[in-house]
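Each value in this text was obtained by applying a stated rule to the coordinates, not by laboratory testing. Quick caveat, the model's predicted, so the values are computed rather than measured.
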Amino acid sequence: MDAPRPAGRPSVIAMEALDGNAIAGSLFEYFGSEMTSVRGHCRHCGTFAPIAELAVYARAPGTVARCRTCGDVAFVLVKARGSIELHPEAFQLPQAG
Ligand SMILES: [Zn+2]
């Protein structure tokens with residue numbers, strides 16, 4: 001199931017992934033406002049992109065959003081005990097927490 005995947009292959013990511021609109025509901029719940037059009041800054045490659053354009057993998061227990069430019073993890077959403085946690089690994093948002 002969890003076969004190792006080659007790193008640095010954004011084209012593969014783009015084929016498999018959802019986009020940021022898939023987590024719009026969870027983000028709204030966390031931030032209390034519509035976030036998909038909010039732009040953040042990838043600390044890996046410096047790309048400035050709206051959340052709606054991230055590559056999203058909805059996989060238990062967390063949802064991983066990756067930068068489409070460099071393929072690295074931008075942030076992770078975890079739903080635990082009815083609440084949502086956001087782990088902004090490398091995605092700088094104008095507002096967080
Ligand atoms: Zn990036």
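Less than 5 angstrom separates the built amide H of THR47 from those of CYS42, all sequence-distant by 5 or more or on a different chain. From the square roots a ≥ b ≥ c of the eigenvalues of the alpha-carbon gyration tensor of the range 18-91, which class results: rounded (a/c under 1.5), prolate (a/b over b/c), or oblate? Prolate, because a/c is 1.5 or more and a/b exceeds b/c.
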